[in-house]
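To start, the structure under review is shown below, and the notes come after it.
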Amino acid sequence: MAGTSSPVPQVHVLATGGTIAGAQIQDRARGYKAAAFSVDALIAAVPQVAELARIDVEQVAAIGSQDMDDETWLKLAARTQAALDRAEIDGAVITHGTDTMEETAFFLNLVVRSEKPVVLVGAMRPATAISADGPMNLYNAVAVAAYPEARGRGVLVVANDEIHFAREVAKTNTTQVGTFRSTHRGLAGLVNGGRLHLYAPAVRRHTYRSEFSVENLTRMPRVDIVYAHAGMGRGLIDAAVEGGAEGIVIAGVGDGNIAAPAQRAAADAARQGIVVVRSSRTGGGVVERNIEVDDDRLGFVTADELNPQKARVLLMLGLTRTRDVAALQELFYTY
Ligand code: SIN
């Protein structure tokens, strides 16, 4: 598994925008514009990466990651795959906003076919801020992508000297540089000034062992997330059905629960062939089948450990292959 195709590793950097490429509108201003700097400018700001790898770059998008959408995901997956398929490329780095980074990372973790490292990196402070975190994050991301032992670990996220698995990582804080957490199964490793300390590999299936492919897709199935709350009615679930959702992920209270009227709406949706996945809004823990909710009778799927936004990604990909509830449930135990 180890070994690179050239003595100096070559890393392909794909840029999508985000705060890592952000600029303050005025000196010392609190507000800023995401995706203001090009990928060339980002790399030029960290000349030390030349000590780690030869770099080539590609601007795939220039957006704040709140605007990440299916079309850009499909393009990013295709461009990442094309880069990794080149024999001379040892790994890929994707610069990305932190807001939806966990979703993009998990999407790529399921659709990119390669053992080569793919590393998503962002920043919480814009490039022009005092003590911007982007340059060191980028340096560390290139170090991980260039490191032969990082192969076969699936898509990774690097930030704040930590290496996270795409499946495990979640953004947990609006502003702090230590926003990313991997609460369930822990970190993939640490990276200090480009020096790696890798921990145990990922436990669930990913990348080169994944069954999913988006190669011939031009659109993804529509899956909506419905957020549960005290006093919930059936309106939001009915709206998702009327809006044309093929799947609904419920960000349920506690163990993925919803109030009785909402549960009746979800059961009606499931009877119509819309796949309903119960997840949890708590930020941790496993949603198991048939505990407080009779999933077998109502035709629901449970999200296992996936948070609602990652359950949505897996359900979208699952719906490209099947609508069978038992088969979809199995996917949630596998990935
Ligand atoms: C974004 O996600 O594009 C904005 C926030 C960030 O990158 O930290």
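The values are calculated or read from the model by the stated rules, or taken from the named source; none is laboratory data. Predicted, not measured: the structure shown is a model, and the values here were computed from it. FYI the Cβ positions are ideal-geometry reconstructions off the backbone, even for glycines, and counts take in every protein chain you see. Heads up: the accessible areas ignore ligands, DNA and RNA and are worked out on the full protein's heavy atoms, side chains in. Shrake-Rupley method; radii C 1.70, N 1.55, O 1.52, S 1.80 Å.
Looking at the range 46-90, which of its residues are open to solvent by 20 Å² or more (accessible area, probe 1.4 Å), outside any helix (DSSP H, G or I) and away from the ligand (no atom under 16 Å from the Cβ)?
Leu52, Arg54, Ile55, Asp56, Val57, Glu58, Asp85, Arg86, Ala87, Glu88
For Ala127, the requirement of being within 15 Å of the ligand (Cβ to nearest atom) and buried (at least 24 other Cβ atoms within 10 Å of the Cβ) is not met.
Within the range 17-40, restricting attention to residues that are assigned to a helix (DSSP H, G or I) and open to solvent by less than 40 Å² (accessible area, probe 1.4 Å), the residue that is farthest from the ligand (Cβ to nearest atom) is Val39. Could you list, in sequence order, the residues of the range 136-184 that are modelled with pLDDT under 95 and either among the hydroxyl-bearing types (Ser, Thr, Tyr) or in contact with a Pro (Cβ under 6 Å, 6 or more places away or on another chain) (or both)? Matches in the range 136-184: Thr183 only. Yes or no: the range 98-117 includes at least one residue that is assigned by TED's automatic domain parsing to the domain that holds Trp73, within 16 Å of the ligand (Cβ to nearest atom), open to solvent by 20 Å² or more (accessible area, probe 1.4 Å) and not in a loop (DSSP other than H, G, I, E, B). Within the range 98-117, one or more residues are assigned by TED's automatic domain parsing to the domain that holds Trp73, within 16 Å of the ligand (Cβ to nearest atom), open to solvent by 20 Å² or more (accessible area, probe 1.4 Å) and not in a loop (DSSP other than H, G, I, E, B).
The strands (runs of 3 or more DSSP E) found entirely in the range 202-297 that carry 3 or more residues being within 18 Å of Ala326 (Cα to Cα) and at pLDDT 95 or above are 247-252, 275-280.
Test Ile43 against the criterion of being more than 16 Å from the ligand (Cβ to nearest atom) and either out of contact with any helix residue (DSSP H, G or I) (no Cβ under 8 Å at 6 or more places or on another chain) or open to solvent by 40 Å² or more (accessible area, probe 1.4 Å) (or both), and give yes or no. Answer is no for this residue. If I filter the range 298-318 down to residues being open to solvent by 20 Å² or more (accessible area, probe 1.4 Å) and in a helix (DSSP H, G or I), which single residue comes out as farthest from Ile248 (Cα to Cα)? Selected residue: Leu298. You will find that of Ala29, Ala62, the residue that is aliphatic (A, V, I, L, M), modelled with pLDDT of 95 or more, at negative phi and out of contact with any Leu (no Cβ under 9 Å at 6 or more places or on another chain) is Ala62 and no other.
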